[in-house]
Amino acid sequence: QVQLVESGAGLVQAGGSLRPSCVASGRTFSINAMGWFRHAQGEERKFLAGITATGGNTPYADSVKGRFTITKDHAKKTLYLQMNSLKPEDTGAYYCAAGATIGNLIYGHGNSWGQGTQVTVSS
């Protein structure tokens, strides 16, 4: 079992930046890929960014490409999402997930999920 705990989100004005993080514990050696998702009110949960265990593959959703950057610190077992040039439409609950493959995560099939952390971008 892998446990994931997100933190570091909050309220920011449009154009600002945030960097939520996600700490993994448990059987972290079993993680092959991790990703960030957003669940906005009234919408389905959406894939935003992913990263493989080696860091060699980092796909992004078109809506965040060029603005968001996913990174990980292997020693700290922590996943980050640097979010720049934030827009009101980026508002939502942000979740990190661990999955068997990047492909599985892109389609929302994660094996472990965090509890979510709220990002609110004001106009």
- Task: Could you tell me whether any residue of region 107-114 is under 17 Å from ARG19 (Cα atoms) and touching a residue at least 60 places away in the same chain (Cβ under 8 Å)?
- Result: yes
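Could you list, in sequence order, the residues of region 71-88 that are under 17 Å from PRO20 (Cβ atoms) and open to solvent by 10 Å² or more (accessible area, probe 1.4 Å)?
Listed by number, the residues that qualify are THR71, LYS72, ASP73, LYS76, LYS77, THR78, TYR80, GLN82, ASN84, SER85, LYS87.
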- Report, by residue number, each residue of region 103-116 that is assigned to a helix (DSSP H, G or I), under 18 Å from ALA24 (Cβ atoms) and either open to solvent by 50 Å² or more (accessible area, probe 1.4 Å) or not hydrophobic (A, V, I, L, M, F, W, C) (or both). ASN104
- Query: What pairs come up if the first residue lies in region 71-87 and is in contact (Cβ under 8 Å) with a residue 24 or more places away in the chain and within 22 Å of ARG27 (Cα to Cα), the second is small (Gly, Ala, Ser) and loosely packed, with under 14 Cβ neighbours inside 10 Å, and their beta carbons are under 8 Å apart, counting only those six or more places apart or on different chains?
  - Reply: LYS72/GLY55; LYS77/SER25
- For region 50-57, indicate whether the set of residues that are assigned to a loop (DSSP other than H, G, I, E, B) and farther than 18 Å from CYS22 by Cα is non-empty. yes
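Here's the yes/no breakdown for (1) charged (D, E, K, R); (2) more than 12 Å from VAL119 (Cα to Cα); (3) open to solvent by less than 50 Å² (accessible area, probe 1.4 Å); (4) at pLDDT below 95:
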| position | (1), (2), (3), (4) |
| --- | --- |
| LEU11 | no, no, no, no |
| THR28 | no, yes, yes, yes |
| ILE31 | no, yes, yes, yes |
| GLY50 | no, yes, yes, no |
| GLY56 | no, yes, no, yes |
| THR101 | no, yes, no, yes |
- (1) part of a strand (DSSP E or B); (2) over 18 Å from GLU44 (Cβ atoms) all hold for VAL119 apart from (2)
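The values are calculated or read from the model by the stated rules, or taken from the named source; none is laboratory data. None of the values given here were measured: they were computed from a predicted structure. We place every Cβ from the backbone using ideal geometry, glycine too, and count neighbours over all the protein chains shown. Note: accessible area is taken over every heavy atom of the protein model, side chains too, but ligands, DNA and RNA are not part of it. Shrake-Rupley method; radii C 1.70, N 1.55, O 1.52, S 1.80 Å.
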